[in-house]
Amino acid sequence: MFNLKVRLQAHKIRKAFGSSDRKRDAGKTTPNDICRYDNILYGCDLKFKKWQLLDVYRPKDSDGLLPVIVIVHGGGWVYGDKDVYQFYGMSLAQRGFAVVNYSYRLAPEAQFPSSMRDTEAVFQWISENAQKYGFDTQNVFAVGDSAGGHLLSLYASAVTNPAYAENFPFIKEKPLVLRAIALNCGKYKLDAEVNADSPSVQLVKALMPGGGTSEELHLIDGTAHVTKDFPPAFIMTCQGDFLLTQAPLMTAALEKAGAKHEYRCYGSQEKPLWHVFHCDPALKEAAICNDEESDFFKKFISKGTK
């Protein structure tokens with residue numbers, strides 16, 4: 001059972017992040033050019049039913065199959081759901097994609113690898129429901145930010161590195177191709193810290209069943225399991241991001257493995273941005289970032305598909 005410090009840290013993050021996200025999204029409505037399908041159950045854990053839901057967004061003027069973007073939300077592993085990513089997700093759909101925006105089980109109530117199981121279940125759901133929702137399963141992409149970037153980096157390694165995949169036997173072969181990903185303002189390396197009372201230590205304790213043993217930290221090190229077969233990756237951060245130093249760790253791992261990648265750092269020291277700035281569709285810099293990520297994905301769309 002998770003301890004009081006862990007619960008308090010999770011509560012603090014949920015309160016602070018929730019307030020910020022509600023302020024960002026105040027007054028926003030579904031764009032007129034978007035068709036949305038909401039609250040689709042993809043999982044089978046009835047205890048956490050509210051967290052195993054997804055939405056699908058498509059541009060209204062589109063017919064047939066569309067390339068897919070899967071959104072892996074952030075929130076320090078203890079906060080977040082699809083609802084706080086809906087407007088960001090619909091802005092991606094406006095760029096010509098079908099978007100799958102899902103919630104996953106959170107720590108400390110559900111510890112790792114529950115979030116990986118849910119992520120795999122979503123990709124399975126996409127392959128099984130491709131015709132119904134118009135998914136081009138040969139052209140699937142994914143974006144993840146903050147803790148969602150961490151989770152996506154692990155999942156991308158698990159589907160491209162057979163040795164690492166042995167840790168997750170629930171990940172199965174699917175008629176689906178993950179063409180490329182975007183890792184935004186992510187946290188990739190969770191080093192052990194001397195200060196046992198630090199917020200990051202409490203979050204690791206919330207996430208991991210063993211509280212963050214050395215073996216667990218290696219297992220969830222997003223930089224440690226990358227191979228040359230890792231999906232082409234767009235790595236993004238910004239001046240003003242409190243995780244600014246994490247992106248170079250991921251790009252260094254990709255460079256060493258020989259995996260395709262591009263790196264962007266938005267904003268400047270004179271005009272800094274902030275952590276996950278790209279989630280606000282009304283922000284000019286967010287539009288630039290999201291355009292560049294969409295263009296990056298389009299470079300990897302397989303020829304000859306709809």
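The values are calculated or read from the model by the stated rules, or taken from the named source; none is laboratory data. Predicted, not measured: the structure shown is a model, and the values here were computed from it. A quick note on method: Cβ atoms are made from the backbone with ideal geometry, for glycine too, and the neighbour counts reach across all protein chains shown. Calculation scope for accessible area: heavy atoms of the full protein, side chains included, ligands and nucleic acids excluded. Shrake-Rupley method; radii C 1.70, N 1.55, O 1.52, S 1.80 Å.
Condition first: at pLDDT below 95 and of a type in the set (G, A, S). Can you find one or more residues in the stretch 222-231 that meet it? For the stretch 222-231, residues at pLDDT below 95 and of a type in the set (G, A, S): absent. Criterion applied to G134, G89, G96, G144 was being of a type in the set (G, A, S), surrounded by 22 or more Cβ atoms within 10 Å (Cβ to Cβ) and in contact (Cβ under 8 Å) with a residue 40 or more places away in the chain, and the one residue passing it is G144.
When we screen L217, L203 for residues that are assigned to a helix (DSSP H, G or I) and surrounded by fewer than 19 Cβ atoms within 10 Å (Cβ to Cβ), the only hit is L217.
The set of residues from the stretch 249-267 being open to solvent by 60 Å² or more (accessible area, probe 1.4 Å), part of a helix (DSSP H, G or I) and touching a strand residue (DSSP E or B) at 6+ places or on another chain (Cβ under 9 Å) comprises just one member, E255. Being basic (K, R), in contact with a Pro (Cβ under 8 Å, 6 or more places away or on another chain) and modelled with pLDDT of 95 or more is a condition met by at least one residue of the stretch 168-183.
Looking at this structure, is E270 more than 18 Å from I181 (Cβ to Cβ), part of a helix (DSSP H, G or I) and either acidic (D, E) or in contact (Cβ under 8 Å) with a residue 60 or more places away in the chain (or both)?
On the way: more than 18 Å from I181 (Cβ to Cβ): yes; part of a helix (DSSP H, G or I): no; either acidic (D, E) or in contact (Cβ under 8 Å) with a residue 60 or more places away in the chain (or both): yes.
Taking the combined requirement at face value, the residue does not satisfy it.
Anything in the stretch 220-276 that is among the β-branched types (V, I, T) and under 19 Å from the mean Cα position of the chain (by Cα)? List them, or say none. Don't jump to the end; show me each part of the working.
First, the residues of the stretch 220-276 that are among the β-branched types (V, I, T): 220, 223, 226-227, 235, 237, 245, 251, 276.
Within the stretch 220-276, I220, T223, V226, I235, T237, T245, T251, V276 meet the criteria.
Do the conditions hold for T245, that is, is it farther than 26 Å from P162 by Cβ, β-branched (V, I, T), modelled with pLDDT of 95 or more and open to solvent by 60 Å² or more (accessible area, probe 1.4 Å)? So T245 passes the test. Taking the listed residues G43, G64, the one that is open to solvent by 40 Å² or more (accessible area, probe 1.4 Å) and either in contact with an Asp or Glu (Cβ under 7 Å, 6 or more places away or on another chain) or in a loop (DSSP other than H, G, I, E, B) (or both) is G64, with no other qualifying.
The residues listed here are P67, P31; of these, the one that is under 18 Å from the mean Cα position of the chain (by Cα) and not charged (D, E, K, R) is P67. Selection within the stretch 99-121: residues that are more than 12 Å from the chain's Cα centre (by Cα) and of a type in the set (A, V, I, L, M). The member of this set that is most open to solvent (accessible area, probe 1.4 Å) is A121.
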